[in-house]
1. Test residue 235 against the criterion of being loosely packed, with under 11 Cβ neighbours inside 10 Å, at negative phi, of a type outside the set (Lys, Arg) and modelled with pLDDT of 95 or more, and give yes or no.
2. Given the structure, is residue 60 of a type outside the set (Asp, Glu), in contact with a strand residue (DSSP E or B) (Cβ under 9 Å, 6 or more places away or on another chain) and at pLDDT 95 or above?
3. Taking residue 144, is it hydrophobic (A, V, I, L, M, F, W, C), open to solvent by less than 20 Å² (accessible area, probe 1.4 Å) and at pLDDT 95 or above?
4. Only residues that are in a loop (DSSP other than H, G, I, E, B) and surrounded by fewer than 18 Cβ atoms within 10 Å (Cβ to Cβ): list them for the range 108-124, please.
5. Specify which of the listed residues (50, 20) is over 27 Å from residue 201 (Cβ atoms) and either out of contact with any Leu (no Cβ under 8 Å at 6 or more places or on another chain) or small (Gly, Ala, Ser) (or both).
6. Out of the residues in the range 158-208 that are among the polar types (S, T, N, Q) and part of a loop (DSSP other than H, G, I, E, B), which is farthest from residue 141 (Cα to Cα)?
7. Return the only residue of 199, 129, 149, 154 being under 18 Å from residue 107 (Cβ atoms), open to solvent by 10 Å² or more (accessible area, probe 1.4 Å), in contact with a helix residue (DSSP H, G or I) (Cβ under 6 Å, 6 or more places away or on another chain) and in contact (Cβ under 8 Å) with a residue 24 or more places away in the chain.
Amino acid sequence: MTSTLLDVLGYSHDQHTARAALTSPQVGAYLQRLGFSAHSPPTLAQLHLAHLQRVPFENLDIGWGRPIRLELDHLYQKIVLERRGGYCYELNGLLAALLEALGHEVRRLSTRVAGKTGELSPAFDHLALLVGGTQEAQLVDVGFGDAFLEPLPLIDEFTRLERQKTVCLEQRGEDWLYLEDRGEGLRVQYVFNLVPHNLQDFGPRNLCQQTAPESHFTQNQICSLATPSGRISLSGSRLIRSESGFKTETELSADEYEAALQELFGMAAR
């Protein structure tokens, strides 16, 4: 892992080399991308839901041979100007800058994702956000696929029913657990503490996610959006629709895939 490659991907030991704030015109364009006006800023809950429904969770750059970079200007160019999506470091990384520009207190949190048998991934495997001060802090995450739709108050044993699943937060010592119940009991999705980090701290793990053969991001291409009643996704060559608890899957040809990417996600193939 060379320093040159890490720098290309948005990692630097000198935290002052990367601009960490959005300009006013960028804030306005970002809000417009989410369907809002800069003259009447939305609530945090409105921002969260709009982000999930308008900005895809996707890792297409990996399959297209493009490096995923974490510099703020690059994230803004990709997500706002090119109307693309991204994965957690990109989506939550840029959203953090927007929230700070709107006056919110934001912590960038390192989370460890739970595997199918409960084992936890390394630190910095996923980026989530804590927004607000001590008394009103909320967990914000628009980069974990089909997770919670609105921010979760940082309250031990907080539980909420969302569509066909229950979402929950639990505190265990200095750690917090995000859990979901999709009909088989609560299962841990990821674990985090409240230590704040810089976006550049996620650089080495970002490199692993997009290059390691064992990374699930290098094994399959995904593009996914929340909808008012469910979710729509391209996973590999399959189009998956989940609406009101019902799921359908359709195998697509290459031409059909490109058409779906454009029509359903507003993106061009490559």
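The values are calculated or read from the model by the stated rules, or taken from the named source; none is laboratory data. Computed from a prediction, not measured in an experiment: that's the story for all the values here. Note: ideal-geometry Cβ built from the backbone for every residue, glycine included; neighbour counts use all protein chains shown. Accessible surface areas use protein heavy atoms only, side chains included; no ligands, DNA or RNA. Shrake-Rupley method; radii C 1.70, N 1.55, O 1.52, S 1.80 Å.
1. Details: loosely packed, with under 11 Cβ neighbours inside 10 Å: no; at negative phi: yes; of a type outside the set (Lys, Arg): yes; modelled with pLDDT of 95 or more: yes.
Against the criterion (loosely packed, with under 11 Cβ neighbours inside 10 Å, at negative phi, of a type outside the set (Lys, Arg) and modelled with pLDDT of 95 or more), residue 235 does not qualify.
2. Answer is yes for this residue.
3. no
4. Passing the criteria: 115, 116, 117, 118, 119, 121, 122, 123.
5. On the way: 20 fails: over 27 Å from residue 201 (Cβ atoms).
After ruling out the rest, the residue left standing is 50.
6. Among residues in the range 158-208 that are among the polar types (S, T, N, Q) and part of a loop (DSSP other than H, G, I, E, B), the one farthest from residue 141 (Cα to Cα) is 164.
7. From the options 199, 129, 149, 154, the qualifying one is 199.
To keep it simple, each residue is scored yes or no on (1) open to solvent by 40 Å² or more (accessible area, probe 1.4 Å); (2) modelled with pLDDT of 95 or more; (3) of a type in the set (D, E, K, R).
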site: 165; (1), (2), (3): no, no, yes
site: 173; (1), (2), (3): yes, yes, no
site: 178; (1), (2), (3): no, yes, no
site: 190; (1), (2), (3): no, yes, no
site: 209; (1), (2), (3): no, yes, no
site: 225; (1), (2), (3): no, yes, no
